[in-house]
Amino acid sequence: MTDTLAAILLGILEGLTEFLPVSSTGHLILATELLGFDQSEWEVFNIAIQPAAILAIVVLYWRTFWDVAKGLLGFEKGALAFVRNLLVAFFPAVLLGLAFGDMIETMLGNAVLVCWSLIIGGIAILAIERWANPPAEGPGVSGVPLRTAVLIGLVQCLAMIPGVSRSGATILGAMAFGVDRKTAAEFSFFLAVPTLTGATIYQLAKYGSDLTSRDIELIGIGSAVGFVTALVVVKLFVAIITRVGFAPFAWYRIVAGTIGLAWLTLR
């Protein structure tokens, strides 16, 4: 398989999984392993294409971001609460990322860990779906209490373990703390903007000087494909979870993790 085709496939995978509770990082690690590529050679690529998914959120929710920006200029309570909630939820990931960055990077090459995380995470989703009782409607991201926003940020840190899923941790964590499904999903989408931007800047600052022109070209290809794919997936995802919940994603995680473990054992 050529590098260009691999970049396209990984871009599609990033766009498909970034905002679903199935772990985009875990899928990219397993896909890289399946393709027979050196994990270290594609590690920066897998992170560098994440801003494409962020851009998809900005495009899809541009009116929300525009209203918040205007509200901040007027010191409106709702806009200030929106930004406050995202910042306090983002802060724990910054602290842990800086403190344990090397350890996290080491785990990114562990495909077996990804499989177990997929399975355990799937079971956790089924448990939360059964016992959590979130309200049917909520006040939106700006209406999430400060304490709940902090707790969501702490839960997001679990996603530093590859295979856990950042979106899954934040969405299901929010639901467990009494946030409605739609608000939980949108909180996760918006929280991705500072979180993934920060992770990308950190990685590019650390390894950017080692990138070749070919690496940059592949990142561009993967980003373009990931952006288009994410545009389609996000809207479908919100429609699915409001109608049938998260159980289909939980069972997918369990099946995918089991197949992955079997493949890694028998190869």
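The values are calculated or read from the model by the stated rules, or taken from the named source; none is laboratory data. The structure presented is a predicted model; accordingly, all values stated were derived computationally and were not measured. Cβ sites come from the backbone with ideal geometry, for glycine too, and all protein chains shown count toward neighbours. We work out accessible area using only protein heavy atoms, side chains counted, and drop any ligands, DNA or RNA first. Shrake-Rupley method; radii C 1.70, N 1.55, O 1.52, S 1.80 Å.
Observations
- The sole residue among Val238, Val193 that is within 13 Å of Phe19 (Cβ to Cβ), open to solvent by 10 Å² or more (accessible area, probe 1.4 Å), at pLDDT 85 or above and not basic (Lys, Arg) is Val193.
- The residue that is modelled with the highest pLDDT, among those in the range 151-173 that are out of contact with any Asp or Glu (no Cβ under 9 Å at 6 or more places or on another chain) and among the small types (Gly, Ala, Ser), is Gly153.
- Of the residues making up the range 54-82, those that are over 22 Å from Val238 (Cβ atoms) and either of a type in the set (Asp, Glu) or open to solvent by 40 Å² or more (accessible area, probe 1.4 Å) (or both) are Ala69, Lys70, Leu72, Leu73, Gly74, Phe75, Glu76, Lys77, Leu80.
- Matching option when the condition is open to solvent by less than 30 Å² (accessible area, probe 1.4 Å) and modelled with pLDDT under 90, among Ala99, Ala136, Ala111: Ala111
- All positions within the range 25-44 that are in a helix (DSSP H, G or I) and open to solvent by 10 Å² or more (accessible area, probe 1.4 Å): Thr25, His27, Leu30, Ala31, Glu33, Leu34, Gln39, Ser40, Glu41, Trp42, Glu43, Val44
- Subset of the range 196-217 [modelled with pLDDT of 80 or more and either over 21 Å from the mean Cα position of the chain (by Cα) or of a type in the set (Phe, Trp, Tyr) (or both)]: Thr212, Ser213, Arg214, Asp215, Ile216, Glu217
- Those helices (runs of 4 or more DSSP H) of the range 118-222 in which 2 or more residues are within 27 Å of Ile259 (Cα to Cα) and in contact (Cβ under 8 Å) with a residue 40 or more places away in the chain occupy 166-176.
A quick yes/no check of all residues on (1) open to solvent by less than 30 Å² (accessible area, probe 1.4 Å); (2) modelled with pLDDT of 90 or more:
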| residue | (1), (2) |
| --- | --- |
| Ala149 | yes, yes |
| Arg181 | no, no |
| Gly226 | yes, yes |
| Trp251 | no, yes |
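- Any hit, the range 216-231, residues being farther than 28 Å from Ala7 by Cβ and among the small types (Gly, Ala, Ser): no
- Just one of (1) under 21 Å from Leu34 (Cα atoms); (2) surrounded by fewer than 16 Cβ atoms within 10 Å (Cβ to Cβ) fails for Ile104. It is (1).
- Matching entry among Gly168, Gly121, Gly138 (being more than 20 Å from Arg253 (Cβ to Cβ) and not β-branched (Val, Ile, Thr)): Gly138
- Selection from the range 204-228 of residues that are closer than 13 Å to Asn46 by Cβ and touching a Leu at 6+ places or on another chain (Cβ under 6 Å): Gly222
- Boolean, Ala7 is closer than 15 Å to Ile216 by Cβ, open to solvent by less than 10 Å² (accessible area, probe 1.4 Å) and among the small types (Gly, Ala, Ser): yes
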